[in-house]
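Trainee: Quick one: structure below, then a few questions.
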Amino acid sequence: MKKVIILTGMPGSGKSTAALEFLKLKIPVIGMGDAVRKEMRRRGMEINNRSIRLFSKRMTAEHGNKYVIDLVKKELIEVFKTANIAVLDGSRRMSEVDEVSNEGYKPVILCIIADKQVRFKRIVKRKNESDFSSYSEFEWREKQELGYGIAEVIASADYYIDNMRSKGVFLEDIKRFLSKVKALK
């Protein structure tokens, strides 16, 4: 059975770093946030911390909780023409995990964890187009993420990796995790 690593965690936990490591290990990565930003660009919309969250909220209200996973389904099907394992980066809803299962793939939820203050500092430092610089914006984003249902995905994780140690240790943990997943039936 083809496996989908569902990568989840709160903002700034290290999901993007993990995704880059998976790519280096030749595992295809599909970014759910990337799909949302791509759709916003297609519509000519401004992209920032608030606009992304509000757009996602509006689209799921209009189209249901599978809106974001529906944006990436075709890409997932394409990836599985040549791969047996892929990473779905940025899942925030159990409906997305359920949809992976409904499509006939084995979901394996990996949650990256890090302390709140560390995550805030990482976000301020990285300066992505959808990030922010104030703590009040960070707290607003945290509430939005929790409102999507990410806490349920985090609580349902099959594996957790603590990203509070050195980057080298974190990347080794990713490799160990991948070995375990590849061994799963």
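Laboratory data are not the source of any read-out in this text; all were calculated from the coordinates shown. Predicted model, so just to flag it, every value in this text is computed and none were measured. Please note: Cβ atoms are built from the backbone with ideal geometry, for glycine as well, and neighbour counts cover all protein chains shown.
Trainee: Given H placed 1.01 Å from N in the peptide plane, which residues other than close sequence neighbours of Val108 have an amide H under 5 Å from its amide H?
Mentor: Close amide H contacts, sequence-distant or interchain: Val4, Ile5, Ile6.
Trainee: Short version: ³J(HN,Hα) in whole Hz for each residue of segment 14-25, in order, from phi by Karplus 6.51 cos²θ - 1.76 cosθ + 1.60 (θ = phi - 60°), x for Gly and Pro, what are they?
Mentor: After applying 6.51 cos²θ - 1.76 cosθ + 1.60, I find x, 4, 5, 5, 5, 4, 4, 5, 4, 4, 4, 8 Hz.
Trainee: Same structure again: So which lysines pass the test for Lys3, namely a Cα distance under 17 Å, with those fewer than 8 places away in the same chain ruled out?
Mentor: Lys26, Lys73, Lys74, Lys81, Lys106, Lys175, Lys180, Lys182, Lys185
Trainee: For Tyr160, what residues show an amide H to amide H distance below 5 Å, using hydrogens built from the backbone and excluding near sequence neighbours?
Mentor: Amide H neighbours of Tyr160, under 5 Å, 5+ apart: Cys111.
Trainee: So what is the calculated 222 nm ellipticity per residue for the chain, using -39500 (n - 2.57) for each DSSP H run with n of 4 or more, over all residues, to the nearest 500 deg cm²/dmol?
Mentor: Calculated mean residue ellipticity at 222 nm is -17500 deg cm²/dmol.
Trainee: Another question, then. Taking the Cα-to-Cβ direction at Arg58 and at Met164 and moving 7 Å from each Cα, how far apart do the two end points lie in nm?
Mentor: With each label point 7 Å from Cα toward Cβ, the separation is 3.9 nm.
Trainee: Where in segment 4-33 does the amide nitrogen come within less than 14 Å of the point 7 Å from the Cα of Glu103, taken along Cα to Cβ?
Mentor: From segment 4-33, the list is 4-7, 28-33.
Trainee: Roughly how far apart, in whole Å, are the Cα centres of segment 23-62 and segment 84-104?
Mentor: When both Cα centres are located, 16 Å separates them.
Trainee: If you don't mind, another one. Would you mind checking segment 2-36 for residues with the amide N under 14 Å from a putative spin-label position 7 Å along Cα→C-beta of Thr82?
Mentor: 26-29
Trainee: What are the residues whose amide H is under 5 Å from the amide H of Ile30, where those residues sit 5 or more places off or on another chain and H is modelled from the backbone?
Mentor: Hits under the 5 Å cutoff: Val87, Leu88, Asp89.
Trainee: On to the next question. What list of ³J(HN,Hα) values in whole Hz, one per residue of segment 154-165 in order, does the Karplus curve 6.51 cos²θ - 1.76 cosθ + 1.60 (θ = phi - 60°) give from phi, with Gly and Pro shown as x?
Mentor: Result, rounded to whole Hz: 4, 5, 8, 4, 7, 9, 10, 10, 7, 10, 10, 9.
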